[in-house]
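Structure first, then comments.
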Amino acid sequence: MKIMILTGAGVSAESGLGTFRDTDGLWTRYDLNEVATPEGFARNPARVHEFYNARRANCLHARPNAAHQALARLQRGTHDVTLITQNVDDLHERAGSTDVIHMHGELTRALCAACGKRWDTPPTMSPNDPCPYCTAPATRPDVVWFGEIPYAMDTITLAAQEADLFVAIGTSAEVYPAAGIVELTRSDTLELNLEPSARANAFDTHRFGPATEIVPAWVDEIMA
Ligand code: BV8
């Protein structure tokens, strides 16, 4: 069976990485317009680099949880799994997942705003870092900010059209176009989340609870 999975910050919540919207979420502590938009980066690149350096450090100390591990196990099984994540952390990869599609980019990657080249980031970045390719001091985290176009949209659209089952895990479904993927599929749809998301009514079935409990349980069933 072709299974398409879309994960959000909720799948990494129990690894200690903050979500965006929960009470102690990132969005409550930072003004996202200042740290997750190109305009914010242009205004104050040092503040944006500090924000991402802190998240990169958090990520280094975090560990994949049972939900990440269950999804890696599902990928090693007989189903044809396409794993797409809105998350910029690398916990899916560190749990053993492969071919993870990071539609909003990755904390571990850097991008040169001048020449467009990409490379693996050092743990901390600063506005004065010269691009290793063109030497311009225009390096930024390789993440998709608000107002920027997410990566791999054509791959994602094709996968949605071909899927037999679309599963959204740990996402509030408030950010587009990720939240609109459920409309692109004609497949059965399942929402695994702590609570109903903003698009819960677009899903055929739902299971609510912590990802470390409901994701391994669902993977065990679908692999049986
Ligand atoms: C685009 C990377 C055009 C950076 C992110 C006005 C002006 C400009 C744009 C817009 C506008 N109005 C709307 C838009 C579009 C905008 C948007 O949707 N804004 C929202 C705020 C309305 N979108 C964009 O700008 C996108 N680009 O539109 O370009 C375009 C598009 C297509 C084609 C052509 C042109 C770009 C959006 C990407 C922004 N970058 N991340 C970074 O990470 O720093 S978004 C970031 O926030 C995440 O990547 C993620 O996508 C989003 C957070 O969502 P979630 O992952 O769902 O996390 P959240 O905290 O919200 O929810 C967690 C869920 O988990 C909750 O439901 C919770 O209950 C649950 N949970 C918690 N704990 C657990 C749990 N579940 C299970 N177990 C637990 N333990």
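The values are calculated or read from the model by the stated rules, or taken from the named source; none is laboratory data. Remember, it's a predicted structure, so these values are computed and weren't measured experimentally. In this analysis, Cβ positions are derived from the backbone assuming ideal geometry, glycine residues included, and neighbour counts consider all displayed protein chains. For accessibility, only protein heavy atoms count, side chains too; no ligands or nucleic acids. Shrake-Rupley method; radii C 1.70, N 1.55, O 1.52, S 1.80 Å.
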Condition met for Thr23 (open to solvent by 30 Å² or more (accessible area, probe 1.4 Å) and not in a helix (DSSP H, G or I))
yes
Taking first residues from the stretch 157-174 that are over 29 Å from Trp27 (Cβ atoms) and second residues anywhere that are part of a helix (DSSP H, G or I) and more than 6 Å from the ligand (Cβ to nearest atom), the pairs with Cβ under 7 Å that are 6 or more apart or on different chains are Gln161/Leu184
Expected output for the stretch 205-224 (first residue of a type in the set (S, T, N, Q), partner open to solvent by less than 70 Å² (accessible area, probe 1.4 Å), Cβ below 7 Å, 6+ apart or cross-chain) is Thr205/Leu190; Thr212/Asn65; Thr212/Ala66; Thr212/Ala67
The lone condition Ala46 fails out of (1) at positive phi; (2) more than 13 Å from the ligand (Cβ to nearest atom) is (1)
**Prompt:** Any residue at all in the stretch 130-141 that is within 10 Å of the ligand (Cβ to nearest atom) and not in a loop (DSSP other than H, G, I, E, B)?
**Reply:** yes
Here the residues within the stretch 144-168 that are more than 16 Å from the ligand (Cβ to nearest atom), buried (at least 17 other Cβ atoms within 10 Å of the Cβ) and not in a loop (DSSP other than H, G, I, E, B) are Leu165
Per the list (1) in contact with a strand residue (DSSP E or B) (Cβ under 7 Å, 6 or more places away or on another chain); (2) open to solvent by 20 Å² or more (accessible area, probe 1.4 Å); (3) in a loop (DSSP other than H, G, I, E, B), residue check on Asp89 breaks on (2)
Review point. Does any residue of the stretch 71-87 turn out to be of a type in the set (A, V, I, L, M) and within 10 Å of the ligand (Cβ to nearest atom)?
Key: no
How many residues of the stretch 181-224 are open to solvent by 90 Å² or more (accessible area, probe 1.4 Å) and either outside any helix (DSSP H, G or I) or within 11 Å of the ligand (Cβ to nearest atom) (or both)? The answer is 8
Residue pairs qualifying under the 6 Å Cβ cut-off, at least six apart or on distinct chains, with the first in the stretch 133-151 being at negative phi and the second being of a type in the set (Ser, Thr, Tyr), are Pro141/Tyr52; Trp145/Thr37; Phe146/Thr37
Is there a residue being among the hydroxyl-bearing types (Ser, Thr, Tyr) and surrounded by 21 or more Cβ atoms within 10 Å (Cβ to Cβ) anywhere in the stretch 65-81? no
Residues of the stretch 106-143 being of a type in the set (A, V, I, L, M, F, W, C), open to solvent by 50 Å² or more (accessible area, probe 1.4 Å) and modelled with pLDDT under 95, in sequence order, are Ala113, Ala114
The number of residues in the stretch 1-38 that are more than 10 Å from the ligand (Cβ to nearest atom), more than 21 Å from Leu60 (Cβ to Cβ) and in contact (Cβ under 8 Å) with a residue 24 or more places away in the chain is 6
**Prompt:** Scanning for something within 13 Å of the ligand (Cβ to nearest atom), in a helix (DSSP H, G or I) and out of contact with any strand residue (DSSP E or B) (no Cβ under 7 Å at 6 or more places or on another chain), does the stretch 57-66 turn up at least one residue?
**Reply:** yes
Hey, Ala72 over 21 Å from Val182 (Cα atoms), out of contact with any strand residue (DSSP E or B) (no Cβ under 6 Å at 6 or more places or on another chain), modelled with pLDDT of 95 or more and assigned to a helix (DSSP H, G or I) or not:
yes
